[in-house]
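Down below is the structure, laid out as structure tokens.
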Amino acid sequence: MAFGKMNKKTDFKKKPAQNPLFKRKRYCRFTVGGVEQIDYKDVETLKDFIGENAKITPARLTGTKALYQRQLDTAIKRARFLALLPFSDQHKK
């Protein structure tokens, strides 16, 4: 079996070019706002970074810088511990 050779059946098809109008530049909300420390008591801001199944949204989707993503994670975990935010979406029934 030869590695590196591809036959016609396994050739990869080219993906169609994506429309540049739909691409958005992601930016860090905390850098633009001049936030130094993310507060666990600011529940409305923290809710923006939690998905509908109560998972923390990753930085690659939100555009948050690594420094603020770490602060955001600890703030969400503290708010959950103090029952300001839910751990899961199961109790909403």
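Any read-out appearing in this document is the output of simple, stated calculations on the displayed coordinates, not a laboratory observation. Quick caveat: nothing in here was measured; it's all calculated off a predicted structure.
Details
- For region 52-83 and region 23-49, distance of Cα centres in Å: 10
- In Å, descending, principal axis extents of the Cα set of region 46-93: 34, 20, 11
- In sequence order, calculated HN-Hα J values of region 68-83 (Karplus, 6.51, -1.76, 1.60; Hz; x Gly/Pro): 6, 5, 5, 5, 5, 4, 5, 5, 5, 5, 5, 5, 5, 5, 8, 6
- For region 23-68, the equivalent ellipsoid built from the Cα gyration tensor has semi-axes of 17, 16, 9 Å, listed from largest to smallest.
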